[in-house]
Amino acid sequence: MRRLATKWRVCATTAWNRIQRTQDKRVDVGKLIVLSTTDNVTFLMLDVKHFRIHGKPYSLYVAIDGLTSRPLAWILLPRDELRDGYDVILRHLGAKKARIKAVISDWHRGILASVHGYYPKAIHQRCAAHVLMKAFGKLGGSKFLKTGYGKEMWPVFKRIALEFNNKNSARMYLGRMRKKYPIYYRGFKVLEKCLNDIYQFEKNPDLNIPRTSNRIENFMGVLEQRLKTFRGTKTPKTTIRIITSFILIKYKRPTN
């Protein structure tokens with residue numbers, strides 16, 4: 001609580017009382033919380049944060065505006081990550097006639113199925129950072145970067161995933177690097193397999209679709225840091241209420 005108190009320039013007691021005042025008894029597990037309207041939202045970022053409360057899995061599904069990084073809706077469900085949480089969010093957006101033209105995510109199977117079901121015409125961009133981390137694991141992880149060759153080669157992988165404007169140029173460069181450095185074929189194979197997925201953005205350059213879901217990852221990271229401040233996240237109900245309170249304080253009260 002001291003961290004929030006320092007940020008808000010108040011005492012710890014005042015910070016805790018502020019959190020308590022914003023807690024709404026209507027907020028509960030399994031209920032969709034909506035922060036704002038979706039009139040001007042053109043693309044979404046979707047992700048999930050996993051919890052384990054009393055030994056049972058819980059998943060917090062979150063959708064944010066991919067342009068402003070503003071959270072749009074979230075829901076906590078008592079299970080591991082599945083499609084149903086994303087279905088609840090996208091069903092609501094569809095009911096509100098949200099014109100979603102693109103979605104950015106880590107391409108979890110649940111997200112793929114849900115986006116295809118509710119917004120089949122939307123461009124679904126796979127997060128290039130997640131693909132790079134997968135290739136990083138195939139190369140040996142942190143041990144790879146401790147070697148001289150690893151430090152020289154990692155920028156090559158990042159260039160393939162992040163620096164080309166079109167898939168064909170990236171594929172040609174990947175082919176040359178794969179022949180030149182065959183020892184790293186496992187990492188190159190990951191990029192080759194996912195190349196179409198991480199270059200979906202070129203289908204509509206005018207949308208300026210981000211290549212990564214870093215914005216929602218940063219949002220989740222801030223949320224995790226704030227949760228460490230509290231001592232009341234011992235039950236699912238208090239967890240979702242504190243999460244909602246923090247988001248509402250940082251942004252604004254929900255519209256519905």
Assess whether R159 counts as being of a type in the set (D, E, K, R), modelled with pLDDT under 95 and touching a helix residue (DSSP H, G or I) at 6+ places or on another chain (Cβ under 9 Å).
no
Could you list, in sequence order, all residues of segment 78-92 that are farther than 19 Å from P57 by Cα and either among the basic types (K, R) or not assigned by TED's automatic domain parsing to the domain that holds L44 (or both)?
R91
Hey, among the residues in segment 47-97 that are over 19 Å from D28 (Cα atoms) and polar (S, T, N, Q), which one's farthest from the chain's Cα centre (by Cα)?
T68
Among L76, L72, the single one that is of a type in the set (A, V, I, L, M), farther than 14 Å from I243 by Cβ and surrounded by 19 or more Cβ atoms within 10 Å (Cβ to Cβ) is L72
Wholly within segment 45-161, which helices (runs of 4 or more DSSP H) include no fewer than the required count, namely at least 2 residues that are under 30 Å from R171 (Cβ atoms)?
109-118, 128-138, 142-145
Single condition I209 does not satisfy, out of (1) modelled with pLDDT of 90 or more; (2) in a helix (DSSP H, G or I); (3) surrounded by 14 or more Cβ atoms within 10 Å (Cβ to Cβ)
(2)
Of the residues in segment 51-64, those that are touching a strand residue (DSSP E or B) at 6+ places or on another chain (Cβ under 6 Å) and of a type outside the set (G, A, S) come to F51, Y58, L60, Y61, V62, I64
If you go through segment 44-56 one residue at a time, do you hit one that is among the acidic types (D, E), in the same structural domain as K96 (by TED's automatic domain parsing) and farther than 15 Å from E217 by Cβ?
no
State which residue is nearest to L93 (Cα to Cα) when the search covers only segment 107-123 and only residues that are crowded, with 20+ Cβ neighbours inside 10 Å and in contact with a Ser or Thr (Cβ under 9 Å, 6 or more places away or on another chain).
V115
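The values are calculated or read from the model by the stated rules, or taken from the named source; none is laboratory data. Please read these numbers as outputs of a predicted model, since none were measured by experiment. Positions of Cβ are generated from backbone atoms using ideal geometry, with glycine treated the same way; all protein chains shown enter the neighbour counts.
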